[in-house]
1. Using alpha carbon centroids, what distance separates region 92-171 and region 313-377, in Å?
2. Between the helical axis of 155-187 and the dominant principal axis of the chain, each derived from Cα atoms, what acute angle in degrees is found, rounded to the nearest 10?
3. Among I113, G49, I99, which residue has its Cα furthest toward the positive end of the charge dipole of region 16-118, with +1 on Lys/Arg Cβ and -1 on Asp/Glu Cβ?
4. How far is helix 196-224 tilted off the main Cα axis of the chain, in degrees rounded to 10, range 0 to 90?
5. To the nearest 20 debye, what charge dipole does the chain have about its Cα centre, counting +1 at the Cβ of each Lys and Arg and -1 at the Cβ of each Asp and Glu?
6. Take R3 and D53, extend 7 Å from each Cα along the Cα→Cβ direction, and tell me the distance between the two endpoints in nm.
7. Sort 235-241, 14-20 by the packing proxy (mean of other Cβ within 10 Å over each peptide's residues), most packed first.
8. Report, in listed order, any pair from K227/K372; K157/K226; K2/K146; K157/K247; K226/K247; K74/K247 with a Cα-Cα distance greater than 26 Å.
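Read-outs: derived from the displayed coordinates by stated rules, not from any lab. Predicted model only: the values in this text are computed from it and were never measured. So basically every Cβ, Gly included, is an ideal-geometry build from the backbone, and we count neighbours across all protein chains shown.
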Amino acid sequence: MKRILSGMFFSLFRGFGIWCIIIAVVILGALFDFNNLRDIDIIAVGTFGETRDYSSEDRQLIITPENIDQYSFKGSGISAFDVYRFHVDPLPHDKFDQIADRFIDPYDEVNAIFDSIRNMHVIPSLIVVIFIAVFFGRMFSQGTIKNLLTCGYSRAKIFIASFIVTAVTSLVLFLLRLAGFVLMCMLLKWQPPVYLPVLIPTALISFLLMITINSFTLAALFITNKKTVTFIIGFLMFFTFDLSVSKTLSSALWSFEMEAQSGTNDDADYINLVKENRQNELEERFDFSEFTSDFYCDDRIVLDFGVKDTIPAPLKYSMIALIYADPAMLHGVEGLYSPYLMTRDGLIYIPIAVNIIWIIVSSGLGVAVFRKREIHC
């Protein structure tokens, strides 16, 4: 195994291909981050000198470079922990009002950094799909794989060594993307709210999703020995995850949920709390059985969601099971639940386990089929 790995890494770093890949990830990643961060209020106004008008009938509010510091997380004296859990955990009234008065949208900067970390795999995944098809495809076409088999190395070891090389390459590119994102934040003079208990598992999911895509791509190459098929499967995996099963099904469940809530009086308790200015006492809790969240006050539900009996139970639970089985579930629920809620209640850890399972399944399939197929070089 060590000799296979050393040979693969030597071949990898001997050529210009890996350096082209690194340069591509750095440049494309910088463009991707700039495009995503450019329109955030704190950056658009504070860095590029734009003006944002949020005036309404109730008040006049114009954000300018001169007053932007009054509405940003930087220098607010509010902890990242409190900003993340705003409207999820009960908060003291003064702390709740401080956050509500400070930010135009308390989730603006939180969602910006969360989405950036969540999508950190996008550029490297596409690059590594190409890398797998070209680098390992060349090993097939030039007879390197056949020579390794002739030397007595097992097919399982060859595949595992290829997977390790792919995983290490993916890790290096992923870390480059993270470093590039930090540098972009510094260049744009943005100090986002960083709460590691949320961002670390998010980064891990993004990396594992990248490995899942790449493991399916690698398995496709070793099963078919065809670069074209490998490209197709790799890109299909990527775009299928982007238009994920969980996004489609969670949207459908939400539609059923809104239909079930239509014309009911179930939110009367919640409305009364808002009228009494007691929103700070609310706690949002995730309901795994319904794939939704409910709001509580003093351990009593005051805003109840969920499709309940509006659709047949077998259909509902089949949809929920498919959502949980989706490696890209964290991307599918974009905007539905706060990052803090998903982390506190454990939802964010499900795709970690699911991705590991899919990586094992795809790699196992690749090894099983590769063991039986003939190598013609």
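1. 15
2. 40
3. Value: I113.
4. 30
5. 3720
6. The answer from the label model is 7.5 nm.
7. Packing proxy ranking, top to bottom: 235-241, 14-20.
8. Result: K157/K247; K226/K247; K74/K247 exceed 26 Å.
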